[in-house]
Amino acid sequence: MVLPAGSTVPPIPQTAALLAALGAVLWGLRRDGVRVTDHTILALSPWMVAGATVHVVYQLDVLPSAVAPLASSPAVYGTTAVVAGFVWLLAGRTTRPLWWLAGVGVLAVLVPTGVALAVAAAGGTLTLTVPLLGVAAGAVMAWVTWRLFGAVRPSDATTVGVAGPVVLFGHALDGATTTLGVDVLGFGEKTPLSRIVMEIAGALPTADVIGVGWLFALVKLGLAVAVLALFAGYVRDEPSEGFGLLGLIAAVGLGPASYNVLLFAVMTPTGF
C-alpha cells in the first residue's frame with residue numbers, strides 16, 4: 001500500500017467511543033449468530049473499499065473537524081467496521097440481508113468517491129489514466145491466477161467459492177497499483193515488509209529496466225494463492241470461521257488497493 005502520510009490516532013474520547021461501538025457491534029453480531037459464507041465476503045467487499053475512499057477524503061482535508069479523526073488511519077478501519085456491522089445487524093431483519101448489506105456498502109463507496117473526484121476536478125488534479133490502468137492490470141492478473149488455481153486445485157476452488165476471486169482481485173489490484181505508484185508516479189512505499197521486497201528487487205540487474213514493483217506484485221499474488229490453498233481445508237471443516245478469516249485476508253488487499261486507485265486519481269500530478 002502506498003502511504004503518503006503517517007498514521008495518526010484520534011483523541012482519547014473518540015478512540016474510546018470507537019472501541020466501545022466496535023465492541024457493541026461485535027456483541028450484536030455474535031448474539032444474532034451471523035454465519036459467514038463466501039457470498040457474505042462478496043457482500044462485504046464494498047465496505048472494504050468504503051473505508052479506503054473515506055480515508056482519501058480525509059487526506060484532502062475537507063471533512064468536518066469533529067469527524068475527521070475517525071477517518072484517519074488506522075481509525076478509519078474501525079469506523080468502517082462499526083458502520084458496516086450496524087448495517088449488517090439491520091439487514092439481518094430483512095428477507096435479503098446480503099443484498100442490503102452490499103447495496104448500502106456500494107452507496108458508502110460512491111458518496112466519498114464522488115466527493116474526492118469533485119474536489120480533485122475543482123482543483124485541477126483529477127486524472128484517471130493510471131488508476132484505470134491499475135484496475136485493468138489487477139483484474140487481468142486476478143482472472144488469470146484464478147483460472148490457473150481452478151485448473152490445478154479444482155476442489156479448493158470450489159470450496160472457497162466466490163471468496164477466492166475477491167481475495168485474488170484485492171491483492172492483485174494492490175500489487176498492480178503499488179507497482180504503478182512506485183515505478184511510474186514516484187510515490188514512496190512506507191509499509192516495512194513491502195519496502196523490503198522492493199529493496200530486494202532494486203538490487204537486481206533488472207531494476208533499471210522494469211523497476212522494483214513487479215516483485216511486490218508477484219509476492220502478493222503468490223501469498224494470496226497460498227492462503228486460498230491452505231485455508232480451503234479450514235473452510236471445509238469450519239465454514240463460518242474459515243470464510244471469516246478469508247474475509248480479513250481479502251480486506252487487507254482490497255482496502256489498500258482501493259486507496260491507491262482513488263489516491264492516484266485525485267492526487268497524481270497532471271501529465272499522467
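Please determine, by comparing only the residues of the stretch 59-86 that are in contact (Cβ under 8 Å) with a residue 40 or more places away in the chain and among the β-branched types (Val, Ile, Thr), which one is surrounded by the fewest Cβ atoms within 10 Å (Cβ to Cβ). Outline the logic, then answer.
So the first thing to find is which residues in the stretch 59-86 are in contact (Cβ under 8 Å) with a residue 40 or more places away in the chain, and the list is 59-60, 62, 69-70, 72-75, 77-79, 81-82, 84-86.
Filter once more, so that each one left must be among the β-branched types (Val, Ile, Thr): 62, 79, 82.
Working: VAL62: 12, THR79: 24, VAL82: 21.
Among those that are in contact (Cβ under 8 Å) with a residue 40 or more places away in the chain and among the β-branched types (Val, Ile, Thr), it is VAL62.
Among the residues of the stretch 24-47, is there at least one that is within 23 Å of ALA120 (Cβ to Cβ), among the polar types (S, T, N, Q), part of a helix (DSSP H, G or I) and within 19 Å of the chain's Cα centre (by Cα)? The answer is no, given that none of the residues of the stretch 24-47 is within 23 Å of ALA120 (Cβ to Cβ), among the polar types (S, T, N, Q), part of a helix (DSSP H, G or I) and within 19 Å of the chain's Cα centre (by Cα).
Scanning the stretch 204-223 for residues that are modelled with pLDDT under 75 and either surrounded by 15 or more Cβ atoms within 10 Å (Cβ to Cβ) or not in a helix (DSSP H, G or I) (or both) yields PRO205, THR206, ALA207, GLY211. For the stretch 122-157, a tally of residues being part of a helix (DSSP H, G or I), loosely packed, with under 12 Cβ neighbours inside 10 Å and either touching a residue at least 24 places away in the same chain (Cβ under 8 Å) or polar (S, T, N, Q) (or both) returns 1. Residues in the stretch 9-45 that are surrounded by 12 or more Cβ atoms within 10 Å (Cβ to Cβ) and either without any contact (Cβ under 8 Å) to a residue 40 or more places away in the chain or out of contact with any helix residue (DSSP H, G or I) (no Cβ under 8 Å at 6 or more places or on another chain) (or both): 2 in all. Note on the stretch 175-194: residues that are modelled with pLDDT of 75 or more and either among the aliphatic types (A, V, I, L, M) or part of a helix (DSSP H, G or I) (or both) amount to 11.
Counting residues in the stretch 253-260 that are surrounded by fewer than 19 Cβ atoms within 10 Å (Cβ to Cβ) and modelled with pLDDT under 95 gives zero.
The values are calculated or read from the model by the stated rules, or taken from the named source; none is laboratory data. Just so it is clear, the model here is predicted, and its values are computed rather than measured. Here the Cβ is made from the backbone with ideal geometry for all residues, glycine too, and neighbour counts use every protein chain on show.
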